[in-house]
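Enquirer: Let me begin by handing over the structure; questions about it come next.
The values are calculated or read from the model by the stated rules, or taken from the named source; none is laboratory data. Since we're looking at a predicted model, the values are computed, not measured. Cβ sites come from the backbone with ideal geometry, for glycine too, and all protein chains shown count toward neighbours.
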């Protein structure tokens, strides 16, 4: 398989996981199992395989931005970098869905966070944490005051 072929398969797997997460209120166990375990494991196996086969011939490294740019000149290592994003962003989205269910955060509030995490990873995480913090603030401000005595 070429890097382009593996790219297509990895994207299809990851997008399937994201669609399952969007339906997670209807299928919470399946969503946790597929998007939080199975798809990331498959992506991780693919990532590790690509790294093991191609790392020894790679030029560049992680010590500077130019070294990373040189490392990413290899199509196989570009693919590995992309699959790395796919796996970790999907894991983060699955975590958000689980936490949202546990904390009773309405799925309509979580969906934009999932979309942002899919496209912009850390920005979606930030949005999700902001929603969690805002909901905690609303809950504590609406709680009745506890008598001192």
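Enquirer: For the range 68-86, check the following and say yes or no: at least one residue is surrounded by 20 or more Cβ atoms within 10 Å (Cβ to Cβ) and closer than 16 Å to residue 111 by Cα.
Expert: Checking the range 68-86: not a single residue is surrounded by 20 or more Cβ atoms within 10 Å (Cβ to Cβ) and closer than 16 Å to residue 111 by Cα.
Enquirer: Give all pairs with beta carbons closer than 7 Å in which a residue from the range 35-62 that is without any contact (Cβ under 8 Å) to a residue 60 or more places away in the chain meets a residue that is not in a helix (DSSP H, G or I); count only pairs at least 6 apart in sequence or on separate chains.
Expert: 54/74; 58/74
Enquirer: Here is a follow-up. Kindly indicate the residue of the range 43-62 that is in contact with a helix residue (DSSP H, G or I) (Cβ under 6 Å, 6 or more places away or on another chain) and in a helix (DSSP H, G or I) and also modelled with the lowest pLDDT among those meeting that condition.
Expert: Looking at the filtered set, the residue picked out is 54.
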